[in-house]
């Protein structure tokens, strides 16, 4: 007898039949019927019509039947909230049942019924269950608090459940502790700044005790929670490490990895000369290796994390190279990760073995893997100098196989080897040139062209080779076009006599026939350079190149540090900070490794803000990926520009040296100083337009804001003047006006209530509808004395942002209900988004960069703010008062670019680039945010702030 | 935490879904299907897939994809471990974990999933606790249930659920008290063309089947515990005693369980029991090639090697084979291009050999890649690492149990490159 029989009744009157069976007197029949209902439910059939009948079966002492009914309830309560109320009584009764299993089941199920009305009834039973004598009930109740919080956060706070939950951390039963920690962690995730998990040495001690005795899952929760703690000194750190180390031998790999996270973090605080430090390092290797013998999915996550660990502490796994050797039947995602780690671990000691393996992999079937293996050989050559020669010969062997994609990858990496070891392996160029025709991928073509250009003097037929590429110039990808342009210019500078025609051809192709601004710019710059000063051109174009770094793809150190704190999480799998992909729900708190301090030998860490140097040798520099425009821009004011900026000739020497003849001058117009993408005649037209127009409009605005000045900015932040929200006519004589403000980090709604009626008003209360950012009154509306006719009272109502959330249109719309002894009145108002900007909205530079790049360009919105007379400094300071933080500033061609970040109360980041043209009355702004809807509001806010008090 | 679970068969049908929080629409699986299509082979689907609003973490077990949906930052290993536990529980309950058994037992499956996870937090994942809560289906029980009207859901609180030893229930009674241990070692190795070992390691486990009355407290000690420096234990093992005395002291769960697993990777400790001489070559001209494989014993510690099988994934261009084996049977599947040679026992006097010609698609170029040999074997009565149990003691109970230890060595992922 199997359950498949439940699926077979597909006849017409099925629901009807089930109904009859559900109401049958026979228990057994009832149960069978409920089973049939559940079976239909699982395959997606709608059996909600049976709701009352199924609920009727709930009052039974048969546990199985009860559970089945509960299953049904959880599924359909949402669609039938009124009916679900019918079940409440039974729940409440079950919560009093002498059997703890039934009590727990009832409280568990109630939490799963996501109906607002039910939650009210849930509070009392839940409160009882949280204090139940049976730990099984308590632990179930702890999870229920998290469920309830998900449905109605405000309710949970108001009822004080969070405090009860915190108390449960000290419970005598380890399972209860673990569940309380799990529930608090989940709640904390939606409340980034709340101090829910306030860890102190006492609570840490309790957690560590519970850690030994709770289930494997509980251990994971506790370990993850421990990882957020920062020990006071190295002694505490060591004692925690000692108590966590046994977890490394757990059979559950998630426990192991969470333990590794705690240890990696707390190790940071231990002095390196401590014996224990060495012991700990040794203890970390075996469990990591063991993770690799688990199922492939587990291996994958483990490998992604090992990749981080190897970068952070290479010493842990340096002798374990062999476990990363690839088995031919590993899934491809495991193979690629293993390969990556092999290269990171490659050193002079093991390079021979690694190379032999890589060569083996290069003959495998899977194309992606083979490519990566070939590339890895090149990376080995660059990393371990002694092996370079062997690597090159291996690559040549591979080129001989003539397998198309192998050859192409090999050429790409040989280019890098040439750059790393100039004048050493150029003898292989001839072999490379033989394969010119088989290259069809842009990267390989570009690499080959680079080689030909760079070594033009040694390749007899370099001009012919390059010319052959030039024929299909327009069909090539940009990468190849740019490379070809540069290569031919190099060739020209090396062999000027024979190649004048060729260079002219490529310059005109690049400048006249191409739509690509990068290509045109580069073309113009070469053209100008060649025509102005060929000697300088030679110096610039044929300048000695900086050596390329040893390691590629290294994670940037601050990011690595943050990721180390997130070992075992999704962030560690994606190698991105959580802020880059977990939106809204979580506060972007950047975790940092603790810094070892005190204990005498602080000479090791001279600068407290720097992480303690873990890697003994200097960390290799990271090559910023090309095309990282913003990165380049932001770096400019960090360090003096290196060779990366295009060498612009300061003044035009018209016709001074017309190497290339006519045409050029007219082309070059006179705009070299201006934005290169701009054509000739645009010049500075927009700058001249505004001032005269701007003046009157502006003064008008100023007057308006002077009115509001009295209410205005005591704490410096920006406040809109009060407006009438509810006229007296519509509210039986009650007039409400108000505004919103953020003062000292607290959101406030400032309201004036005026009684324009004839009778006294009392019993005021206020309520908000759900809104986009969860605004809710943080306390009751306090009107102390009755409001007599013609009297006005001013109230500041503090607001919280943990109320229920619903997207409004427009986004900043707020629907409010105000009640008094006469009636209830409804109105809606719009709050300025600036009140949601939190004080800790300053982003790290690097994070800003990464985030800016990460947000798709579709999310970028551009606005023009007209008629505001500010320079970048006043803009910065004025915006700062609204919690808009300027992270970097740079000046380009008289324009100040400000890079700013804003964080909303719900954790959403907004990134802004503000361009201020000194002396012109307008700014341009680009807004990037994962939630593009807010862009318009941010613009309005900027407009307000920048235009106000521009005379002040 | 874990939001929802979808079970998807290899044809791409979602045949079961379960939501622990609000319902997540099936359309979220489209991202999974996309990744699946991109991956080609089902084994190659990446375990973590991100979608605009969710993360999909999946495992592929028994030709079923277990796809879980999560919405917040959750340790992925946590989810993967849990999914494996779900698959194991199904296996445990229904004998096999397949689409048809899951569909046949859909109500039990739902009850199980409900019991295993609450609001995305694991609730009861220990098999003995689950079995007390929900009785596994048996023909006898379902008959009894229909006659007596009793249910297969336990009405009492499982005793293990709360005690500090959640893995054992109270009041266990047996007439025959017995404790058996199997030390199983698998050799993972890569042997290169010339026969030298590229890497080799041993994955060992000690599986136990303990049927003892009451609350026995066992101590298992080894002759050579030093071998074991990389171990992971069942939660019942007292780690402190292991650290200080190198003995396994524990109150066992009732029934079968994995007591410990260990890992031996020191190269000199890993003996390679067999050697392979092979020569596989394809001729430049003409569309053919030759194959010649011989296997022989190497370090077998005087034991018999049995269950010997060689599996090769041949190049795609191979059309057919014409081979003769001196021992065993061989089979070539022209669709999957897999050649399997089932040898059986290895006779040191007369070494098994497989020899013959290969024919390749005419006109196709000479295959670039060389097939790797996957070798399977078994050696009874031997733990290749040399691990030996010295004694098993029982405290806390008065009776004398039957005790036994069995050793077995197997090939794990044992690969020979050509």
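Values in this text are rule-based calculations from the coordinates and carry no lab data. The model shown is predicted, which means the values in this text are computed figures rather than measured ones. Virtual Cβ from ideal backbone geometry, glycine too; neighbours counted across all protein chains shown.
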For Cα pairs less than 8 Å apart in space and 6+ apart in sequence, what is the mean separation divided by the residue count of the range A:84-190, i.e. the relative contact order in percent? 23 percent
Cα long-axis angle, helix B:29-39 against chain B (0 to 90 degrees, to the nearest 10): 20 degrees
If you average the alpha carbon positions of the range A:49-115 and of the range A:723-799, how far apart do those two centres end up, in angstrom? 42 Å
Reduced to Cα centres, the span from the range B:273-321 to the range B:366-418 in Å works out to 23 Å
Two pseudo-spin positions, 7 Å from Cα along C-beta at residue A:85 and at residue B:196, lie apart in nanometres by 8.2 nm
Of B:11, B:189, B:124, which is the most mobile in a GNM of chain B whose springs link Cα atoms less than 10 angstrom apart? B:11
Just the ratio, please: alpha-carbon radius of gyration of the range A:95-234 over 2.2 N^0.38 Å, N its number of residues. 1.03
If I take every Cα pair under 8 Å that is 6 or more residues apart in chain B, average their sequence separation and divide by the length, what percent do I get for the relative contact order? 14 percent
Let me know the mean shielding of B:110-117 by other chains, meaning the per-residue number of their Cβ atoms within 10 Å of its Cβ. 3
Note on the range B:2-148: alpha-carbon gyration tensor, axes a ≥ b ≥ c; rule is a/c under 1.5 for rounded, else prolate if a/b larger than b/c, else oblate; result prolate
In degrees, nearest 10, the alpha-carbon axis of helix B:139-148 is tilted away from the dominant principal axis of the alpha carbons of chain B by 20 degrees
Counting pairs of alpha carbon atoms under 8 Å apart in space and at least six apart in sequence, what relative contact order in percent does the range B:2-148 give? 22 percent
Counting only DSSP beta bridges with both residues in the protein assembly as shown, tell me the antiparallel percent, nearest 5. 90 percent
Write down, largest first, the equivalent ellipsoid semi-axes of the protein assembly as shown in whole Å, where each equals the square root of 5 times an eigenvalue of the alpha-carbon gyration tensor. 55, 53, 29
Sort A:330-340, A:563-573 by packing, meaning the average of other beta carbons within 10 Å per residue, with the highest value first. A:563-573, A:330-340
Calculate the mean, over all residues of peptide A:212-221, of how many other protein chain Cβ atoms lie within 10 angstrom of the residue's Cβ. 5
Need one number: nm distance between label points at residue A:479 and residue A:821, each 7 Å from Cα along Cα→Cβ, rounded to one decimal. 7.8 nm
Highest-fluctuation residue, B:310, B:86, B:23 considered, GNM on chain B with Cα pairs under 10 Å: B:23
Which whole number gives the average count of other chain Cβ atoms within 10 Å of the Cβ atoms across peptide A:252-264? 3
Hey, can you rank A:134-145, A:386-397 by average C-beta count inside 10 Å, highest first? A:134-145, A:386-397
Return the FRET efficiency for the residue pair residue A:460, residue B:266: r is the Cβ-Cβ distance, R0 is 51 Å, and the value is rounded to the nearest 0.05. 0.35
At a 10 angstrom cut-off on C-beta neighbours, averaged per residue, how do the peptides A:153-164, A:892-903 rank from highest to lowest? A:892-903, A:153-164
The range B:274-379 -> Rg/Rh from Cα coords, Kirkwood Rh, value 1.01
Provide the FRET efficiency to the nearest 0.05 for the residue A:729-residue A:811 pair, computing r from the beta carbons and using R0 = 30 Å. 0.55
Rounded to the nearest 10 degrees, what's the angle between the helix B:76-94 long axis and the longest principal axis of chain B, both from Cα atoms, 0 to 90? 80 degrees
The distance between the Cα centres of the range A:130-177 and the range A:374-403, in whole Å, is 60 Å
Please say if chain B is rounded, prolate or oblate, where rounded means a/c under 1.5 for a ≥ b ≥ c the square roots of the C-alpha gyration tensor eigenvalues, and otherwise the choice is prolate for a/b larger than b/c and oblate otherwise? oblate
What is the calculated FRET efficiency for residue A:59 to residue A:770, with r their C-beta to C-beta distance and R₀ = 25 Å, to the nearest 0.05? 0.10
To the nearest 500 deg cm²/dmol, what mean residue ellipticity at 222 nm is calculated for the protein assembly as shown from DSSP H runs of n ≥ 4 alone, each contributing -39,500 (n - 2.57), summed and divided by the residues? -12000 deg cm²/dmol
How many percent of all Cα-Cα pairs in the range A:16-63 sit more than 15 Å apart? 36 percent
Treat each spin label as a single point 7 Å out from the Cα along the C-beta direction, and report the residue A:228 to residue B:303 distance in nm. 5.0 nm
Rounded, prolate or oblate: which fits the range A:224-275, taking a ≥ b ≥ c as square roots of the Cα gyration tensor eigenvalues, rounded meaning a/c under 1.5, else prolate when a/b beats b/c? prolate
